[in-house]
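One structure is given here, and the rest of the page talks about it.
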Amino acid sequence: MLEFFLPHAVLKAKPNLESRIRTLERDWATVYDMFSGKDNSSFGWDEHRQMVVAEDAVWNSYIS
């Protein structure tokens with residue numbers, strides 16, 4: 001389909017999509033661990049900003 005819209009481009013969609021999927025899976029695993037891991041109940045989700053939120057002390061503990 002990509003070749004139909006961009007016939008002279010040498011773009012390969014499959015490797016780019018596979019790479020993006022691997023990145024999303026890795027990011028999802030990190031966020032899942034924040035919410036379901038041991039002693040990580042202090043993490044929350046800000047629906048308005050669409051991001052993980054926590055106090056500074058919680059972030060420092062998670063990083064170390």
*Which labelled figure in (1) 3, 17, 26, 23, 15, 10, 5, 2, 0; (2) 3, 14, 17, 16, 12, 8, 8, 8, 7, 5, 1; (3) 3, 17, 20, 20, 14, 10, 9, 4, 1 is P(r) over Cα pairs in 5 Å bins from 0, in percent, once derived from the coordinates*: (2)
*Heavy-atom SASA rank of 24, 17 (probe 1.4 Å, accessible area, largest first)*: 17, 24
*Solvent-accessible surface (1.4 angstrom probe) belonging to residue 14, in square angstrom, nearest 10*: 140 Å²
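Rolling a 1.4 angstrom probe over the protein heavy atoms, how many square angstrom per residue are accessible across the chain?
Numbers: 5920 Å² over 64 residues.
I get 92 Å² per residue for the chain.
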*In terms of solvent-accessible area of protein heavy atoms at a 1.4 angstrom probe, what is the ranking of 51, 34, highest value first?*
51, 34
*Which order do 33, 56, 46 take by accessible area at a 1.4 Å probe, largest first?*
56, 33, 46
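Round to a whole number: what % of the accessible area of region 1-63 belongs to carbon and sulfur, probe 1.4 Å?
Working: 3380 of 5800 Å².
Solvent-exposed carbon and sulfur of region 1-63 make up 58 percent of the total.
The values are calculated or read from the model by the stated rules, or taken from the named source; none is laboratory data. Keep in mind it's a predicted model, so treat the numbers as computed, not measured. Protein only, heavy atoms only, side chains kept; ligands, DNA and RNA dropped before computing areas. Shrake-Rupley method; radii C 1.70, N 1.55, O 1.52, S 1.80 Å.
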